[in-house]
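Bear in mind these aren't lab numbers, they're just calculated from the coordinates by the rules spelled out. Computed from a predicted structure; not experimentally measured. Counting neighbours? That spans all protein chains shown, and the Cβs are built from the backbone with ideal geometry, glycine included.
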Amino acid sequence: MKKIYQLRFVLLFSGLFLFFTACQKEKQAPVLLEEFTTTDSANIIVPEDAAIMANNIAGREKYINCNTFYGPQVQMGNGHIRSWVNLSKCDKKPLAIGIEFTAQSFYDLPTDPKNFAAGTFVLKLHPKATSTTPFDHIVVNWEPNGHEPAGIYDVPHFDMHFYKISLAEQAAIGPIPGPVPAKGYLPASYVIQAGTVPQMGTHWLDPSSPELPPTLLPFTHTFVYGASNGKVIFLEPMITRAFMLSGVSVVKPFPQPILFLPFNTNYPEVYRIWKNASNSRHYVALTDFVHR
């Protein structure tokens, strides 16, 4: 009997030792988050601009004489993301505004589709961005299971909202659809999506997007306009996680309205997606600005 108790004690002690050792190992080996460093402030050059710099003497000056201004970084997954804007040195006009993703930001993302807060990443803009464009802030919404319509957008993807309203105004948006924007403030071809999303707004889609009927190709990326209370409040590239990780470059003009609010500022006409092979970072940008 004494030997049995001794054996039980040894087994219990061994089990506790292994448990505490495992806990110790977990504490000793935390996940190292990939961050932007304090000295990491080089100018961002989109791939097409790099080609201009290399081959077009007339256009080269525009891109050499530009500065990139960054917003604060925000943790996403095992990495970080941040906003940025490129301004021309000569006339201080915007050339591009976008989001920079470290490579590890696409990993260990939230998996609960009902935890809206966990999948929401708010990016502040540098004052140079808010003073030269209509945008106030950017919100990246991670959709681990996608969303409606079923069979089209129900795949893991990111909704990247470039908001023209304040964060407080955005947070006050409820689920009840308000009046639609007056004619001319949305592209004529765009159609309203079924629901209004609280704290986002009503989404308007481009019916010519290849993932929609009648084409029904697998969804990879598209461009959405958003509205609330009769006003256009955001512009949104919507991109799958798989496509971001593919590193495929995209340069795509998106349909334009004929009226703009606020006016007397600079609006983009193209969205771009690319990966920088030298630093393994991914980029989404709105470019080709026109004063409206």
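Past the 19 Å Cα-Cα mark, which pairs from Lys252/Lys275; Lys124/Lys183; Lys128/Lys252; Lys231/Lys252; Lys92/Lys128? Where the Cα-Cα span goes over 19 Å, the pairs concerned are Lys124/Lys183; Lys128/Lys252; Lys231/Lys252.
Using R₀ = 22 Å, calculate the FRET efficiency as 1/(1 + (r/R₀)^6) where r is the Cβ-Cβ separation of Asp288 and Lys89; round to 0.05. If you can, show how the numbers build up before the last one.
On the way: r = 18 Å, r/R0 = 0.84.
The calculated FRET efficiency here is 0.75.
In a fully extended conformation the segment linking Val180 and Ser41 would gain 45.9 nm over its present Cα-Cα distance, using 0.36 nm per residue.
For the pair region 164-229 and region 74-93, the centres of their Cα atoms are 25 angstrom apart.
Determine the gain in length on full extension of the stretch Asn279-Ala171; use 0.36 nm per residue of separation and subtract their C-alpha separation, reporting nm with one decimal.
35.4 nm
Pulled fully out, how much extra length does the chain show between Thr215 and Ser131, if you take 0.36 nm times their separation in residues and subtract their Cα-Cα distance? Mind showing how you got there, number by number?
On the way: separation 84, 0.36 × 84 = 30.24 nm, distance 4.04 nm.
Gain in length upon complete extension: 26.2 nm.
Note that region 105-114 has calculated 3J(HN,Hα) couplings of 5, 8, 10, 6, 7, x, 10, 8, x, 8 Hz, one per residue in order, obtained from phi through the Karplus relation 6.51 cos²θ - 1.76 cosθ + 1.60 (θ = phi - 60°); glycine and proline are x.
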